[in-house]
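Please read through the structure below; I'll follow up with questions.
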Amino acid sequence: MTIKPLGDRVVIKMVEAEETTKSGIILAGSAKEKPQVAQVLAVGPGGLVEGKEVQMQVKVNDKVLISKYAGTEVKIDGEELIIVRQSDILAIVE
Amino acid sequence: MTIKPLGDRVVIKMVEAEETTKSGIILAGSAKEKPQVAQVLAVGPGGLVEGKEVQMQVKVNDKVLISKYAGTEVKIDGEELIIVRQSDILAIVE
Amino acid sequence: MTIKPLGDRVVIKMVEAEETTKSGIILAGSAKEKPQVAQVLAVGPGGLVEGKEVQMQVKVNDKVLISKYAGTEVKIDGEELIIVRQSDILAIVE
Amino acid sequence: MTIKPLGDRVVIKMVEAEETTKSGIILAGSAKEKPQVAQVLAVGPGGLVEGKEVQMQVKVNDKVLISKYAGTEVKIDGEELIIVRQSDILAIVE
Amino acid sequence: MTIKPLGDRVVIKMVEAEETTKSGIILAGSAKEKPQVAQVLAVGPGGLVEGKEVQMQVKVNDKVLISKYAGTEVKIDGEELIIVRQSDILAIVE
Amino acid sequence: MTIKPLGDRVVIKMVEAEETTKSGIILAGSAKEKPQVAQVLAVGPGGLVEGKEVQMQVKVNDKVLISKYAGTEVKIDGEELIIVRQSDILAIVE
Amino acid sequence: MTIKPLGDRVVIKMVEAEETTKSGIILAGSAKEKPQVAQVLAVGPGGLVEGKEVQMQVKVNDKVLISKYAGTEVKIDGEELIIVRQSDILAIVE
C-alpha cells in the first residue's frame, strides 16, 4: 500500500532519537519550535500549489530537518507517518 | 441526481472505519486534526479559482486522505457526502 | 424590474424545503454551515474581479448548493432574493 | 462644483425610502447588512487600483444596490453624498 | 526648502474650515471617518510601490477629499503639512 | 568598517534636533507617529524583495523623513544607526 | 556532516560577544529587537520560494546582522547553529 502526496506535500517518518545521536545531530531540547530529523518516504509532484509554481527540492530517502511537529499524523500498515508541506522542511542533512 | 462541484471542489464520501482497517490504514485517534480516508465521487473542473490556475489531481473513485473534517456536509438521495476543496486533500492512497 | 449583478455576483432564490425533499436532497440540519439549495435568477458578467479573472460557471435556472446563508438579502417585487458571489456556490445539482 | 472620484471610487446619493417603494423594491429591514438603493452621480476612471486593473461597470444615473452603509459621507452644496468603491456595489437595478 | 515625497505619497495642507464653507463644501461632522478638504503641495513619482505599478492621479494645487485624518503630520518652515498615500485620497473637487 | 544593507534596506543616522531646527523643520511633538529627519548612510541594492521588484529612490547623504521610530538600532564604531526599509521613508527633504 | 538549507534559508552561527567588540560593533542592549552579528555557514539555493523568485545575496563566511533571535536553533556536531530565512538578515558587515 502506498501514499501519493498531492501538490507540495511530503510524507516523512521521524528518525529515532538513538539514530539521531549516532548521526551526530543533537537537537536543542529547550527550543520552543523543536526541529526534528525525519526521513522522506514520498514526495508530491509539486507544480501549481495555490496558484504558485513549486519545485520539489527533497527526494525519497533524504534526511531532513523539520521546523516543528508540523503536518498531519497518519498510521499506515503499522507505521506512524507525518504529511508535511515542503515549506515546513528547513534543510537536508547529509 | 448528480452533483457537479464548481472550481476546485471535490465531492467525497467517508470510508467506513471497518473498511479502513481492512485496507491497512489506522488513523491516529489522538491527533488534533484527524485525517480521514474518503472516496472521491465527483471532481470540479479546476481552472481559474480565485484568479489562480488550479489543476485537478484527483479523479473519481480515488481513495484520499483529508486533513480534517473539512468541507460542507450534504445528504443527497440518502447518502451523507462532503464537499471539500482539493487543497484539503493530503494524499491519494492506493 | 430587473437586477443586473456586478462582477462575479449571482442573484439566487432559495428553493422551498418541500421542493427540496421532492428532489431527493435532504440537508444535514445539525451542520454548522447549512448548505442550501437555491435557484439562479441572474448572473454577473464575471471578468476582472478584484484584479483577478473570473469565469462564470453557473447560469440562469441552475439549481445550486450554497455554502451557508451567504450574501445579502433583498426583497424585490415581493420576492426575497439573495445576492452571493460565485465562490459561495459549492456545486450545481441536476 | 464637481467631485471627480479617484480610482474605482463612485459618488452615490441614497434614494429616498418613498421613492424606493414606488420602484417596487422593499429592503429587508432586519438584515444585518442593509442593502440600499442609490443613484450614481460620478464614477472614477478605474484603471490600476492597488496594482490591479479595474474596469468600471456602473455609469452616471445608474440605480445601484450597495451592500451596506459603505463609504464616506460628504455634504456638498447641501446634498448628502457617499463615496464608495465599486466593489461595494452589488448590482444595478433597472 | 522642499519635500519630495517617495512612491505614491502626496504632501497636502488642510484647507481652513472658513475657506471650505465658501467653496460650498460642508463636511458631516458626526461621521466617524471625517473627510477633509486639502490642497496638494507635492506629489510623489508613483511607479513601483510595494511591487505594484501606481499612476499618480493628483497634481500640485488640486483640492482633494481625504478619507480620514490619514498620514503623518510634519511642520515645515512653520506650515503644518500631512503626508498621505494617494490611496487615502477619495476624490478631486473642482 | 562598513554595513552593506540587504534588499530594500537603508542605513540612516538621526539628525540632531538642533540641526533640524536650523534646516527649518520642526516636527509635531504630539503626533502619535513622530516623523524624524535622518541622513542616509548606506542603501541596499533593491531588486527582488519578497518577490517584488523594488527600485531604490534614496541615495547616500539624502536627508529623509521617516514615518516613525522604525527599524532596528545598531551601534557601530560608536555611532548609533538605524536600519529601515525604504518603504518606511516618507520623503526626501532638500 | 553537512546541512543543506532549502529555499531562501541560511545557516548561521552567532559570533561571540568578545569577537563582536573587537570588530568594532556594539549592539544596543536595550533595543526590543536585538540585532546580532552572525557568521554564515551555509546558504540555500534561493529560486522559487512560496511562488516568488528569491536571489541569495549572502554567501558562506559573510558576517551578517540579523533582526532578532530569529529562526530555529539546531545543535550539530556540538555546534549551536541557527537556520533563518534570508529576509531575517538586515545587512552584511565588513
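The values are calculated or read from the model by the stated rules, or taken from the named source; none is laboratory data. Note that the structure is predicted; figures quoted are calculated from it, not measured. Neighbour counts are summed over all protein chains in view; Cβ atoms, including those assigned to glycine, are modelled from backbone coordinates with ideal geometry. For accessibility, only protein heavy atoms count, side chains too; no ligands or nucleic acids. Shrake-Rupley method; radii C 1.70, N 1.55, O 1.52, S 1.80 Å.
Residues with amide H under 5 Å of residue D:54's amide H, sequence separation 5 or more or different chain, H placed in the peptide plane at 1.01 Å from N; which?
D:47, D:48, D:49
Please average, across the residues of C:45-51, the number of beta carbons from any other chain that are within 10 Å of each residue's own beta carbon, and give a whole number. Walk me through the intermediate numbers first.
Numbers: counts 2, 1, 2, 7, 5, 8, 9.
Mean inter-chain Cβ contacts per residue within 10 Å come to 5.
Let me ask another. Past 20 Å, Cα to Cα, is the threshold; run E:13/F:13; C:52/E:52; C:4/D:59 against it and keep the listed order. Could you put the intermediate results ahead of the total?
Working: E:13/F:13 28 Å; C:52/E:52 14 Å; C:4/D:59 13 Å.
Pairs exceeding 20 Å: E:13/F:13.
Hey, what do the phi angles of segment A:71-76 turn into as Karplus ³J(HN,Hα) couplings, whole Hz, using 6.51/-1.76/1.60 and θ = phi - 60°, x for Gly and Pro?
Rounded to whole hertz, the list is x, 10, 7, 9, 10, 10.
Let me ask something else. At 7 Å along the Cα-to-beta-carbon direction for both residue E:61 and residue D:59, put a label point, then send me their distance in nm to one decimal.
Result: 3.3 nm between the two label points.
Compute the FRET efficiency between residue B:70 and residue E:50 as 1/(1 + (r/R0)^6), taking r as their Cβ-Cβ distance and R0 = 41 Å, and round to the nearest 0.05.
Numbers: r = 33 Å, r/R0 = 0.80.
Approximately 0.80, to the nearest 0.05.
Further, regarding this structure: Accessible area lost on pairing D with C, both sides, 1.4 Å probe, Å² to nearest 100? Present the calculation step by step, with values, prior to reporting the outcome.
Numbers: alone 6430 and 6440 Å², together 11010 Å².
Chain pair D/C: roughly 1900 Å² of buried accessible area.
List the residues of segment C:53-72 for which accessible area in the full set of protein chains is at least 50 Å² lower than for the chain on its own; 1.4 Å probe, protein heavy atoms only.
C:57, C:72
Can you give me the long-range amide H partners of residue B:15? Hydrogens built in the peptide plane at 1.01 Å from N, cutoff under 5 Å, separation of 5 or more residues or another chain.
B:37, B:38, B:39
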